[in-house]
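Before any comments, here is the structure.
What follows is calculated from the coordinates using simple rules that are stated; it is not laboratory data. Bear in mind the structure is a predicted one, so any value in this text is a computation, not a measurement. Note that we place each Cβ from the backbone using ideal geometry, even for glycine, and neighbour counts take in every protein chain shown.
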């Protein structure tokens, strides 16, 4: 059975790779299988993990604990969401949607503000000249890093300030901001290449090791 | 005494063949491009395939020194006393596994070897399968003396994403009344002194999607002032650097971060000398593929500037 699974996985991998030559029916079949299997997997996973484990077991507990009647409210909202399939009463689906948007916004608002705004602003407010606590000598590596953070943050913010024309000193600062943004995009691209290459290496390793047995 | 010729290994020949192939291929591509001929994209794909496949076959790998951001996580685990408790959350699926499974295995290996207790959980349903891989290759295989419930526990997957985190920051049992084997929370010895995430010594999220480390920081790390660290797929690593070192104390970014951690672990103690190092193995093809991509970028840019100078591009 394991051997059969390896052969299926290998042929599907080659089928997907065949798109690199050109679009073809084998690729389409492999793509459709992937979509179908994913949809089926998530449907079953959600049924058992959410509907059964969370709702059904919560409402009808078998371990002697008290039923959680609040779950009926969630279930009702879930049913209302399905009403959007009807053209006549589809508008009712906006109510659970509004609940989700409101609850998510409320949950995130303060936490997001503290973690992704205040704490990160605080992280940029650091000593520009960094000295060693023991010797009190300047630590040049950390100092250069701090100066770069200050220049990068200020020039980056200036670039996104569009209420004043980017001319003169303001324009030059914005141009420095563009350079910082470009370096950031370059880092993102480099990491993305690494990520995608890792997946390719994983597949090639599977083909050579598990399927063709070329590697120990 | 062996003559220098006899000391040449198959791997040396492989490295030479790979490098010669790549250099000749790049030279051919550069010559074709500079002489104004089209290079079919399929040739580029084939070239990338060989650049990755040859180092995989000939097992070309490099040694890596741990960068401070990786070393910080290693040192944190080293500084934890015996019987500390670390939570490792498997927030990834098989698509991310080639990058992050090696770091998950290395972290488990490091913690268990130092008698640190581990609480495993997942925010991705597919994380359970990946967790099972760690159990079979590391936990049961290398540490058969470690006992379920005492040295480690598997809480499994719980649906709800951020909702789960919002609860466990104050109450574990409310969200996980049992472990994955249906053992009640109150009967699991590892939880004797743990009521919530605030009682943990360190939380490590392994992943790269959502929910992931950002949500852990947002809902658990910052509100509970709990030490956090992460191992993530490379594609999201740059977004997490602003969190270091105040909100996450260490970060393993992609397969390179995993390779650095494996090397740090292997160099630290002779008992890890023979441990599997899948991330380090992947860094050979990774490095050569990057050289090829960088060469493409350089060739493309030289052509762009040359054509612009000639007035062929406005």
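In table form, for the structure just shown:
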quantity	calculated
The stretch B:126-187 shape via C-alpha gyration tensor axes, a/c threshold 1.5	oblate
Inverse of mean 1/r across different Cα pairs in the stretch B:221-314, Kirkwood, Å	16.6
Distant alpha-carbon pairs in the stretch B:1-79 (separation over 22 angstrom), percent	54
Share of Cα-Cα pairs in the stretch B:68-274 lying beyond 32 Å, as whole percent	7
The stretch A:59-165 - Rg and Dmax from Cα coordinates, angstrom	26.2, 77
Pairwise Cα inverse-distance average, inverted: Kirkwood Rh of the protein assembly as shown (Å)	26.6
P(r), alpha carbons of the stretch A:128-216 - 5 Å bins starting at zero, rounded %	3, 12, 11, 11, 10, 10, 10, 8, 7, 7, 6, 3, 1
Ranked A:118, A:139, B:121, criterion: other C-beta atoms within 10 Å, fewest first	A:118, A:139, B:121
For the stretch B:178-223 versus the stretch A:140-175, the gap between their alpha-carbon centres in whole angstrom	40
Neighbour-count order for B:134, B:16, fewest beta carbons within 10 angstrom listed first	B:16, B:134
Helix B:97-113 vs. chain B, principal-axis angle (Cα, 0 to 90°, nearest 10)	50
Acute angle (nearest 10 degrees) that the helix A:70-82 long axis makes with the longest principal axis of chain A, alpha-carbon atoms	90
Gaussian network model of chain B, Cα within-10 Å springs - most flexible of B:44, B:206, B:15	B:44
Residues B:119, A:114, sorted so that the one with the fewest Cβ neighbours within 10 Å comes first	A:114, B:119
FRET efficiency, residue A:42 to residue A:73 (Cβ-Cβ, R0 22 Å, nearest 0.05)	0.35
0 to 90° range, to nearest 10: angle between helix A:25-46 axis and chain A longest Cα axis	80
Two-site FRET efficiency, residue A:84 against residue A:110, from Cβ-Cβ distance with R₀ of 25 Å, rounded to 0.05	0.20
Over chain A, equivalent-ellipsoid semi-axes from the Cα gyration tensor in Å	46, 35, 23
